[in-house]
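Okay, structure first, notes after.
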Amino acid sequence: MKLILIRHGETLSNKEKRVQGKSDVELSSVGIEQAHLVALSLKDHPVEAIHTSPLKRAMQTAKIINEFHQKELHTDQDLMEMDYGDFEGVSFKKIMDVEKDFINQWMTDPASVKMPNGESLSQVQERAWRALKRIIDKKENALIVSHNFTIATIICRIKNISLNEFVSACVGNASKTIVSVQKDGIFIEALNDRSHLLEDTSPKINALF
């Protein structure tokens, strides 16, 4: 069984380097084009189901991909992005300027950090893995449209690495991560594949927020 984890296309918040988390922002014009390109790359893939975060940016990406497959879209709250609490909508620069102690802890020991009035990486991983297990139990080749940190925590679990190493598992907009589910385990066949985007002009992967 194959699962393809897809991060949504670029949003204006991505471009402006603002925390978006559970804020329900839509794709930018670049993000829409990215979604069409990832959709084209998957048009001949044997898709039996599509699961998506209910946030607009993920839903838009999933709907564009689904133009080639015409499947029912299954939304799952557990696939949503991390809740950044007080940092939602704030620019990265402002957080780095004002929250220096928090940033230092986040950079040195992210697994121990909880966003103010929001979630921790372990909380995100717990719910994201719940969602993945439900999908695996259906035994279908599936596409999963989600978010950077949500996907990163899943990858950490599959690779059996600490959440302190989650930076190595972060993925770019409209990327594909291919996961093979076999009797003897779950394996990553491709991580953060963005070759379908041709000339990639979107911001670099953000592992800060």
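Within region 121-141, does at least one residue satisfy the condition of being out of contact with any strand residue (DSSP E or B) (no Cβ under 6 Å at 6 or more places or on another chain), part of a helix (DSSP H, G or I) and more than 28 Å from Met59 (Cβ to Cβ)? For region 121-141, residues out of contact with any strand residue (DSSP E or B) (no Cβ under 6 Å at 6 or more places or on another chain), part of a helix (DSSP H, G or I) and more than 28 Å from Met59 (Cβ to Cβ): absent. Of the numbered criteria (1) over 30 Å from Ser112 (Cβ atoms); (2) loosely packed, with under 14 Cβ neighbours inside 10 Å, the one Gly185 fails is (1). Applying the criterion of being among the small types (Gly, Ala, Ser) and surrounded by 24 or more Cβ atoms within 10 Å (Cβ to Cβ) to the residues of region 42-68, the residue that is nearest to Arg130 (Cα to Cα) is Ser53.
Count of region 142-193 residues, restricted to those that are assigned to a loop (DSSP other than H, G, I, E, B), under 15 Å from the mean Cα position of the chain (by Cα) and either under 21 Å from His74 (Cβ atoms) or touching a residue at least 40 places away in the same chain (Cβ under 8 Å) (or both), is 6.
Look at region 51-68: where a residue is over 14 Å from Gln34 (Cα atoms) and free of Cβ contacts under 8 Å to residues at least 40 places away in the same chain and a partner is in a helix (DSSP H, G or I) and hydrophobic (A, V, I, L, M, F, W, C), sitting 6+ places away or on another chain with Cβ atoms under 7 Å, you get Glu67/Ala39; Phe68/Ala39. Picking from residues in region 50-84 that are within 13 Å of the chain's Cα centre (by Cα) and among the hydroxyl-bearing types (Ser, Thr, Tyr), the one that is nearest to Leu27 (Cα to Cα) is Thr61. Look through Ala142, Ala152 and report the one residue that is modelled with pLDDT of 95 or more and surrounded by fewer than 24 Cβ atoms within 10 Å (Cβ to Cβ). Only one candidate qualifies: Ala142. Restricting attention to region 105-120, the residues that are over 11 Å from Val19 (Cβ atoms) and assigned to a loop (DSSP other than H, G, I, E, B) add up to 5. Of the residues making up region 2-47, those that are without any contact (Cβ under 8 Å) to a residue 60 or more places away in the chain, within 15 Å of Ala62 (Cβ to Cβ) and of a type in the set (A, V, I, L, M) number 3. Among residues of region 105-118 that are surrounded by fewer than 12 Cβ atoms within 10 Å (Cβ to Cβ), those with a beta-carbon under 8 Å from a residue that is at pLDDT 95 or above and charged (D, E, K, R) at least six positions away or on a different chain give the pairs Pro116/Asp86; Asn117/Asp86. Candidates in region 127-139 are the residues that are touching a residue at least 60 places away in the same chain (Cβ under 8 Å) and either surrounded by fewer than 17 Cβ atoms within 10 Å (Cβ to Cβ) or in contact with a Gly (Cβ under 8 Å, 6 or more places away or on another chain) (or both); of these, the one that is farthest from Asp76 (Cα to Cα) is Lys139.
Among the residues here, Lys93 qualifies as more than 18 Å from the chain's Cα centre (by Cα) and within 20 Å of Thr11 (Cα to Cα).
The values are calculated or read from the model by the stated rules, or taken from the named source; none is laboratory data. Computed from a prediction, not measured in an experiment: that's the story for all the values here. Reconstructed Cβ throughout: ideal geometry from the backbone, glycine too, with neighbour counts over all protein chains shown.
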